[in-house]
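These notes are about the structure you will find just below.
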Amino acid sequence: METRERYKVSTFILEVAAVLLALLFLSPFYFVIVNSFKNLGQILVDAASWPKQFSWDNYSKVWDAINFPLVFRNSLIITVCSVVGIVIVSSMTSYRLVRRPTVFNKILFTVLISSMIIPFQSVMLQLVRVTSLLEIRGHLYGVIICYLGFGLALSMFLFHGFIKTVPLEIEEAAVVDGCSPYGVFWKIVFPLLTPIIVTNIILNTLWIWNDYLLPVLLIGGNNDLTTIPIGITKFFGQYTKQWNLALPGLAIGIAPVIIFFLFLQKYIVEGITAGSVKG
C-alpha cells in the first residue's frame, strides 16, 4: 500500500510540474495576445492585466503600416522555395552518400556536417561580400540560395540516418523489375521518407519564417522585399517603441506558422527517433 501511495504522490507531483512548465512556456503567448488589444498606455501601466476592452484597431493599423499582404507574400515565397529546395537536395545527396559509402563520400559527409558548428555571425561579412560580388544581394532568390546552403547540413544529417533504416532489398527488387536509379529513389525510397521529410519541413519552416538576420543582411532597405520580421522592426525606433503595434504584428506574423506546426508536429518525434536508430 505504501508503494502504491508513493507512486500516486509521485505521479501527482509530476503532473503538477508538467502543468506549471507548460504554463511557463505559454506565458509569452499570453502577453503577446493580451497586449495586442491594448493601447500603449495600458501596456505600460500593467502588461499582465486583462484588456478592459478588446479593440481590433491595432491590427488594422499594423496591416496598413507594414503592408502585410506584401510582407506575407515575400516571407511565404522565401520559406516555401527554401524548404522545398532543402528537402529535395538534401534527400538526394544523403541517398547517394548512404548507398555509395566510398572514402570520398564519407569525407564529404563529415565535412558537410561539420559546417553546423560554424557560427553564422563569423561568416556574415564574407556572406555580404560574396553575395554582392555575385549580384544576388537585394533579390529574393539570393536569400533563397543562402538559406539552401545554410540549411543543408542539418537536413542531410537527419536524412542520412533515416535512409539507413530503409531496407536495401526493396530497392534491389525495383531494379530487377526494370526501375531506373532515379525511379528507385523517387518512386520507392522518397515515399518511405515521409516522416523525416515532414520533420525537415517543420524545422526549416520555423527557422526560415522567423529569421531576421539573414534577410536584413541580403535585402537591406528594399521595402518591396521586406519580410514579416523586418517589417515588425519598424515599430522599434531609437527613442520610441510602439508596443501597441509591434505586438499585433507579432501575433499575425506567428499565427500561420503556429497553425502549420500544430498540424504537423506529431511527425517530429517520429522522424527524429527513426533517423537516429542507425545514424
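The values are calculated or read from the model by the stated rules, or taken from the named source; none is laboratory data. Note that the structure is a prediction, hence the values are computed from the model and not measured. Don't worry about glycine lacking a Cβ; one is built from the backbone with ideal geometry, like all the others, and counts go over all protein chains shown. Only protein heavy atoms, including side chains, enter the accessible area calculation; ligands, DNA and RNA are left aside. Shrake-Rupley method; radii C 1.70, N 1.55, O 1.52, S 1.80 Å.
Applying the set (1) among the hydrophobic types (A, V, I, L, M, F, W, C); (2) open to solvent by 20 Å² or more (accessible area, probe 1.4 Å); (3) touching a helix residue (DSSP H, G or I) at 6+ places or on another chain (Cβ under 6 Å); (4) farther than 28 Å from I107 by Cα to A174 leaves exactly one unmet item: (2).
Could you grab the pairs with beta carbons closer than 7 Å, sequence gap of 6+ or different chains, first residue in segment 172-200 and farther than 20 Å from M156 by Cα, second one open to solvent by less than 20 Å² (accessible area, probe 1.4 Å)? Correct list of pairs: A174/V184; V175/V184.
Exactly one residue out of L112, L148, L125, L108 is assigned to a helix (DSSP H, G or I), open to solvent by 40 Å² or more (accessible area, probe 1.4 Å) and within 14 Å of S82 (Cβ to Cβ): that is L148. Every condition in (1) in contact (Cβ under 8 Å) with a residue 12 or more places away in the chain; (2) open to solvent by 20 Å² or more (accessible area, probe 1.4 Å) is met by F159 except one, and the failing one is (2). Residue pairs whose Cβ atoms lie under 9 Å apart, separated by 6 or more positions or on different chains, with the first residue in segment 134-155 and outside the structural domain of L225 (by TED's automatic domain parsing) and the second in a helix (DSSP H, G or I) and of a type outside the set (S, T, N, Q), do not occur. Do we have any residue at all in segment 56-73 that's open to solvent by 100 Å² or more (accessible area, probe 1.4 Å), out of contact with any Leu (no Cβ under 9 Å at 6 or more places or on another chain), at pLDDT below 85 and more than 30 Å from Y182 (Cα to Cα)? Yes, because at least one residue in segment 56-73 is open to solvent by 100 Å² or more (accessible area, probe 1.4 Å), out of contact with any Leu (no Cβ under 9 Å at 6 or more places or on another chain), at pLDDT below 85 and more than 30 Å from Y182 (Cα to Cα).
Does L133 fit the bill of being more than 13 Å from R99 (Cα to Cα), among the hydrophobic types (A, V, I, L, M, F, W, C), open to solvent by 50 Å² or more (accessible area, probe 1.4 Å) and out of contact with any Leu (no Cβ under 9 Å at 6 or more places or on another chain)?
Here the answer is yes, as L133 does meet what is asked.
Pairs linking a residue in segment 234-251 that is on the phi < 0 side of the Ramachandran plot to a residue that is polar (S, T, N, Q) and open to solvent by 70 Å² or more (accessible area, probe 1.4 Å), with Cβ atoms under 8 Å and 6 or more positions apart or on different chains, are F235/Q242; F236/Q242; N244/N39. Among the residues here, K8 qualifies as among the charged types (D, E, K, R), in a helix (DSSP H, G or I) and more than 30 Å from I197 (Cα to Cα).
Yes/no matrix, rows are residues, columns are (1) touching a Leu at 6+ places or on another chain (Cβ under 7 Å); (2) closer than 23 Å to V84 by Cβ; (3) at pLDDT below 85; (4) of a type in the set (F, W, Y):
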{"residue": "G178", "(1), (2), (3), (4)": "no, no, yes, no"}
{"residue": "V189", "(1), (2), (3), (4)": "no, yes, no, no"}
{"residue": "I196", "(1), (2), (3), (4)": "yes, yes, no, no"}
{"residue": "L217", "(1), (2), (3), (4)": "yes, yes, no, no"}
{"residue": "N222", "(1), (2), (3), (4)": "no, no, yes, no"}
{"residue": "T227", "(1), (2), (3), (4)": "no, yes, no, no"}
{"residue": "P256", "(1), (2), (3), (4)": "no, yes, no, no"}
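Residues being surrounded by 12 or more Cβ atoms within 10 Å (Cβ to Cβ) and over 29 Å from the mean Cα position of the chain (by Cα): count how many of those fall in segment 30-43. Number satisfying all stated conditions: 5.
Output the residues belonging to segment 212-244 that are open to solvent by 20 Å² or more (accessible area, probe 1.4 Å), under 22 Å from D64 (Cα atoms) and either in a helix (DSSP H, G or I) or charged (D, E, K, R) (or both). Answer for segment 212-244, where residues must be open to solvent by 20 Å² or more (accessible area, probe 1.4 Å), under 22 Å from D64 (Cα atoms) and either in a helix (DSSP H, G or I) or charged (D, E, K, R) (or both): V216, N223, D224, L225, P229, T233, K234, K241, W243, N244.
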